[in-house]
1. Would you mind telling me which numbered condition in (1) more than 18 Å from the chain's Cα centre (by Cα); (2) surrounded by 12 or more Cβ atoms within 10 Å (Cβ to Cβ) residue 14 fails?
2. Here is a check on your reading of the model: is residue 60 surrounded by 12 or more Cβ atoms within 10 Å (Cβ to Cβ), in contact (Cβ under 8 Å) with a residue 24 or more places away in the chain and part of a helix (DSSP H, G or I)?
3. Could you check the stretch 31-57 and list, in sequence order, the residues that are more than 30 Å from residue 72 (Cα to Cα) and surrounded by 15 or more Cβ atoms within 10 Å (Cβ to Cβ)?
4. Condition test on residue 31, is it touching a residue at least 40 places away in the same chain (Cβ under 8 Å) and in a helix (DSSP H, G or I)?
């Protein structure tokens with residue numbers, strides 16, 4: 001039973017920390033993208049793609065959490 005609790009805590013940490021890291025990266029990239037688009041509107045597509053890329057980190061964290069959960 002104690003192992004299941006530790007696995008659950010590990011899964012929560014995996015999702016939580018990747019979410020925080022993604023939010024911080026998205027904040028920085030989003031601010032830079034808005035600044036770049038203020039100068040040149042043609043950079044909207046690149047800014048949008050670069051803003052979405054950090055979300056993949058959360059997906060990886062969720063995959064790790066699911067793998068941990070399946071091994072309970």
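1. All conditions are met except number (1).
2. For residue 60, the condition - surrounded by 12 or more Cβ atoms within 10 Å (Cβ to Cβ), in contact (Cβ under 8 Å) with a residue 24 or more places away in the chain and part of a helix (DSSP H, G or I) - is met.
3. If we filter the stretch 31-57 for residues that are more than 30 Å from residue 72 (Cα to Cα), which is where we start, we get 31-53.
The answer is 33, 36, 37, 43, 47, 50, 51.
4. So residue 31 does not fit the description; no.
Every number here is computed from the coordinates shown, using simple stated rules; none is lab data. If you're wondering where the values come from, they're calculated on a predicted model, not measured in any experiment. Cβ sites come from the backbone with ideal geometry, for glycine too, and all protein chains shown count toward neighbours.
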